[in-house]
Amino acid sequence: MQHAWDRRLGVWWIAEDQPDALAIAGSASGTVLTYRELAERAHRLVHALRSRGFAAGDAVAYALPNDVDIVVWQLACQESGLRGIALNPSLSGPEIRAILEHSGATGIAIHHSHPPTTEFNDLSSLRLRVSVGGEIPTFERYDDLVDGQPVTAPDDRQFGVPISYSSGTTGKPKAIERPPAPGDPSVIADGMKLFGQAFQFIPFDGTHLVTAGMHHGGCQSFYQTALNCGQALVIHQKFDAERTLAAIEEHRVSTAYMVPTQFVRLLRLPAKTRDQYDVSSLQVIVHSAAPCPVEVKRQMMDWWGPVIWETYGGMEGAATIAKPHRWLEKPGTVGRAVRGMTLRVLDDAGNELPAGELGNVYLESARQTFEYKGDPELTASIHRGRAFTLGDVGYLDADGYLFLRDRAKDMIISGGVNIYPAEVEGVLGSHPAVDDVAVIGLPDDEWGESVLAVVTLTGDATPSAELAAELIAFCRSRLAHFKCPRAVDFRDELPRTDTGKLFKRLLRDEYSQAEDAAERAG
């Protein structure tokens, strides 16, 4: 009997061997596709782009919401040698323009619902502007672009390595660029089953739920893996907690990629709502992108069972896997190094630190290299030889399991002592009145920096001096006093990406500017 992992997999070979297998089981637009139909859509787009002069090595960007279209553009780039750039569809016109200029992209596809796009009209480098789903003035409709093109596989297929931009919406664009990967796209797609095997994505078993932003590298890695393992996608345009539970039950979802903020929203559903849905089909739920409080993850395990996996890394490379049973043995770990990756913890001078000592976390891949496009200084700044850092501080235990403390750039130094905001946020986030929290350091003449907690509240809580004092006391009952906030500020919302990352720099800048303005007024 042939083992599940021994058969030919990957989107392209599944489309040949099992053309009627479902590839898209549900989507925001209501589109349902077999593997043959999905492959044909990608082939058709390749023919259309080539008819307009696009060739391997050219960069093509697409800013599309969660739906089938983004999968088609991604697959078309991957089988034609084009360098695809998946952009956050919530970026503004000027932000997209900055990335187009930085990347040298010569084509752009944008959903018709995107805000005004006149910022691109004078970009002479753009040979093609495509509107998807409807009309945009000065843009060509997608349906017209592909009209009359064949659905057969194109000749001279070669794998297109994407250019990956960070999810940030401010500052200079930052992109990961990797060297070309020669080879047959069908073979490379089949090779992704090794990634699926590492996370126990069983071929043709269940479906994969997509609720995170499909432009995000983490989400892409796992929905592509699911597709290449024969698991049909169920795509939601936006995350809704109860709708997620309904989809798990309806589609017998077996795998998904999620972020910790989604766990929090799921846990805040009333018990009656949570209990009415069958989630027994779930086998592997992978999370990454932002720290997950230990208690949140423990509660999810209690509810969904030991199906919550964790991975640590970035667009620069995957670094660790924390399997559920290992995390339960070592709560808080982000896992152990994946095959082909080495973890190191170094001091500021680059010396390797022993187990248990806190330092800068470095990763070294035996296979992959990368650079930040057009920024050799930034590339050099995060490397020590082949090893690179994502800017995190942590330690390895005696068994090689990594524990992260915080981002190095977010560390607060108060009275000469290092304070890691993530630890404080984890405590404050467990208070029943707190919906979201960011802890930052503000300049302080006496202490160097003072600790401020910026908090959003749950629906039944009201900002007050009394509640601020209660939160500080709550923190002091669980942490050393020097780590705890000296002040609490209440807000309606915190600046986060759709993957849950906090834009702390925006908060720090805002409070610093406010203090400067107050001093000038005084």
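The values are calculated or read from the model by the stated rules, or taken from the named source; none is laboratory data. Small disclaimer: the values here were computed from a predicted structure and weren't measured. Positions of Cβ are generated from backbone atoms using ideal geometry, with glycine treated the same way; all protein chains shown enter the neighbour counts. Calculation scope for accessible area: heavy atoms of the full protein, side chains included, ligands and nucleic acids excluded. Shrake-Rupley method; radii C 1.70, N 1.55, O 1.52, S 1.80 Å.
Brief remarks follow.
- Only helices (runs of 4 or more DSSP H) whose full extent lies in segment 144-250 are considered here, and the ones with at least 1 residues that are under 21 Å from residue 76 (Cβ atoms) and either open to solvent by less than 10 Å² (accessible area, probe 1.4 Å) or at pLDDT 95 or above (or both) are 185-191, 217-228.
- Test for residue 225: is it closer than 20 Å to residue 14 by Cβ, touching a Phe, Trp or Tyr at 6+ places or on another chain (Cβ under 7 Å) and hydroxyl-bearing (Ser, Thr, Tyr): yes
- Taken over segment 1-28, residues that are more than 13 Å from residue 190 (Cβ to Cβ), out of contact with any Lys or Arg (no Cβ under 8 Å at 6 or more places or on another chain) and modelled with pLDDT of 95 or more amount to 8.
Conditions (1) open to solvent by less than 80 Å² (accessible area, probe 1.4 Å); (2) assigned to a helix (DSSP H, G or I); (3) within 15 Å of residue 453 (Cβ to Cβ); (4) modelled with pLDDT under 75, marked per residue:
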position	(1), (2), (3), (4)
479	yes, no, yes, no
485	yes, no, yes, no
506	yes, yes, no, no
519	no, yes, no, yes
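- Scanning segment 34-54 for residues that are open to solvent by 10 Å² or more (accessible area, probe 1.4 Å) and within 24 Å of residue 233 (Cα to Cα) yields a total of 7.
- For segment 451-458, the criterion of being closer than 28 Å to residue 269 by Cα, modelled with pLDDT of 90 or more, surrounded by fewer than 16 Cβ atoms within 10 Å (Cβ to Cβ) and out of contact with any Leu (no Cβ under 8 Å at 6 or more places or on another chain) is met by no residue.
- Qualifying positions in segment 413-449 - hydroxyl-bearing (Ser, Thr, Tyr) and either more than 22 Å from residue 392 (Cβ to Cβ) or assigned to a loop (DSSP other than H, G, I, E, B) (or both): 420, 430
- Restricting attention to segment 94-125, the residues that are assigned to a loop (DSSP other than H, G, I, E, B), buried (at least 16 other Cβ atoms within 10 Å of the Cβ) and over 22 Å from the mean Cα position of the chain (by Cα) total 3.
- Residue in segment 55-63 that is under 29 Å from residue 198 (Cβ atoms) and buried (at least 24 other Cβ atoms within 10 Å of the Cβ) present: yes
- Of residues in segment 353-405 being on the phi > 0 side of the Ramachandran plot and modelled with pLDDT under 90, the one surrounded by the fewest Cβ atoms within 10 Å (Cβ to Cβ): 385
- Residues of segment 126-143 that are assigned to a loop (DSSP other than H, G, I, E, B), under 19 Å from residue 70 (Cα atoms) and open to solvent by 70 Å² or more (accessible area, probe 1.4 Å): 135 alone.
- Breaking point among (1) modelled with pLDDT of 90 or more; (2) in contact with a strand residue (DSSP E or B) (Cβ under 6 Å, 6 or more places away or on another chain); (3) open to solvent by 20 Å² or more (accessible area, probe 1.4 Å); (4) β-branched (Val, Ile, Thr), for residue 462: (2)
- Segment 347-368, subset among the hydrophobic types (A, V, I, L, M, F, W, C) and free of Cβ contacts under 8 Å to residues at least 40 places away in the same chain, residue nearest to residue 181 (Cα to Cα): 366
- Unique match (being in contact (Cβ under 8 Å) with a residue 60 or more places away in the chain, closer than 27 Å to residue 386 by Cβ and of a type in the set (Val, Ile, Thr)) among 261, 333, 342: 333
- Criterion (at pLDDT below 95, within 26 Å of residue 214 (Cα to Cα) and out of contact with any strand residue (DSSP E or B) (no Cβ under 8 Å at 6 or more places or on another chain)) met by exactly one of 298, 268: 268
- Only one of 4, 28, 86, 15 that is closer than 25 Å to residue 256 by Cα, in contact with an Asp or Glu (Cβ under 9 Å, 6 or more places away or on another chain) and buried (at least 22 other Cβ atoms within 10 Å of the Cβ): 15
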